[in-house]
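The values are calculated or read from the model by the stated rules, or taken from the named source; none is laboratory data. Bear in mind the structure is a predicted one, so any value in this text is a computation, not a measurement. All Cβ positions, glycine included, derive from the backbone under ideal geometry; neighbour counts span all protein chains shown.
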């Protein structure tokens, strides 16, 4: 588990609290297969709660609902609603674990309510913007440009998460497979199909990749200079710069926006929700259904802009 940086403003928590947090996260990783990033976020959340409790002279074993609520006002002052909800979820999870482990008899976190979450629709690029982004990548004939073009074509063809893209193995591309197996969240596997453009860009990058002695033995399609998978931060940086080159606001472009664009464009062109759910690797189809809201918004705009009677009162 990543260590949380210690500063004078963030004093170290007690050994007992740290052990409880560690035990909970170990169990959570084993049971729910949470990612390293999620574990780090939960660790940060629970460490912040532990500091509040220690200032009040209590710990997770003896904290009351009032003790847990003591930090809610200060969270609201600097945390987004999504971060507040995650922190409350982490508390609820740890307290339920504490009861299950016999550390305490009752669960005070059951009285904690979650903040109202604002409706968030997935942001995506238009098909024209995606084409501009791809054209800008094609204009860069350097090795980095070829790598980025392969990344974009694969992202747009499959809707992969950035972590899934960074973890792609090279062998399926050596074998020119039209489909690849992706291991996503919770170690669940799904099959995605590669477009001709994605396969062509992948092979072009592979030819350049194999000329580098440091990369040719790496099992990863997109290796870092030390042979490990490319850093996700690097992918974000390259996409932002590519957006600038394409004349698109870089705020609008990220790997996840390309994932949303893949889903939105497929749905707009007639893909069914169940198939889209499988391609995206969503455990719950309700997560996929949010794309229908963007489709409804687009259709309403289409009627408003083009219907001959739309402006009549």
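Observations
- Count of residues meeting criterion [out of contact with any strand residue (DSSP E or B) (no Cβ under 8 Å at 6 or more places or on another chain), under 20 Å from residue 181 (Cα atoms) and part of a loop (DSSP other than H, G, I, E, B)] in the stretch 266-282: 1
- Scanning the stretch 217-265 for residues that are surrounded by 15 or more Cβ atoms within 10 Å (Cβ to Cβ) and assigned to a loop (DSSP other than H, G, I, E, B) yields 218, 221, 222, 224, 230, 246, 248, 253, 254.
Rundown of residues vs (1) surrounded by 18 or more Cβ atoms within 10 Å (Cβ to Cβ); (2) modelled with pLDDT under 95; (3) assigned by TED's automatic domain parsing to the domain that holds residue 196; (4) assigned to a helix (DSSP H, G or I), yes/no style:
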position: 140; (1), (2), (3), (4): no, yes, yes, no
position: 151; (1), (2), (3), (4): yes, no, yes, yes
position: 173; (1), (2), (3), (4): yes, yes, yes, yes
position: 176; (1), (2), (3), (4): no, yes, yes, no
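So that you can scan it fast, the table gives a plain yes or no per residue for (1) touching a residue at least 24 places away in the same chain (Cβ under 8 Å); (2) out of contact with any strand residue (DSSP E or B) (no Cβ under 7 Å at 6 or more places or on another chain):
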{"residue": "87", "(1), (2)": "yes, yes"}
{"residue": "92", "(1), (2)": "no, yes"}
{"residue": "98", "(1), (2)": "yes, yes"}
{"residue": "143", "(1), (2)": "yes, yes"}
{"residue": "159", "(1), (2)": "yes, yes"}
{"residue": "163", "(1), (2)": "yes, yes"}
{"residue": "170", "(1), (2)": "yes, no"}
{"residue": "175", "(1), (2)": "no, yes"}
{"residue": "185", "(1), (2)": "yes, yes"}
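- Set 213, 198, 286: member being modelled with pLDDT of 90 or more and either out of contact with any helix residue (DSSP H, G or I) (no Cβ under 7 Å at 6 or more places or on another chain) or in a helix (DSSP H, G or I) (or both): 198
- When residues in the stretch 79-120 are screened for being more than 22 Å from the chain's Cα centre (by Cα) and modelled with pLDDT under 85, 3 of them pass.
- Residue 299 vs. criteria assigned to a helix (DSSP H, G or I) and either modelled with pLDDT of 80 or more or under 29 Å from residue 238 (Cβ atoms) (or both): no
- Test for residue 45: is it under 25 Å from residue 65 (Cα atoms), surrounded by 15 or more Cβ atoms within 10 Å (Cβ to Cβ), outside the structural domain of residue 283 (by TED's automatic domain parsing) and modelled with pLDDT under 90: yes
- Residue list for the stretch 134-166, filter: more than 17 Å from the chain's Cα centre (by Cα) and closer than 30 Å to residue 186 by Cβ: 147, 148, 150, 153, 157
- Taking the stretch 178-198 as the range and being over 30 Å from residue 27 (Cα atoms) and either outside the structural domain of residue 136 (by TED's automatic domain parsing) or surrounded by fewer than 19 Cβ atoms within 10 Å (Cβ to Cβ) (or both) as the test, the residues that pass are 178, 179, 193, 195, 196, 197.
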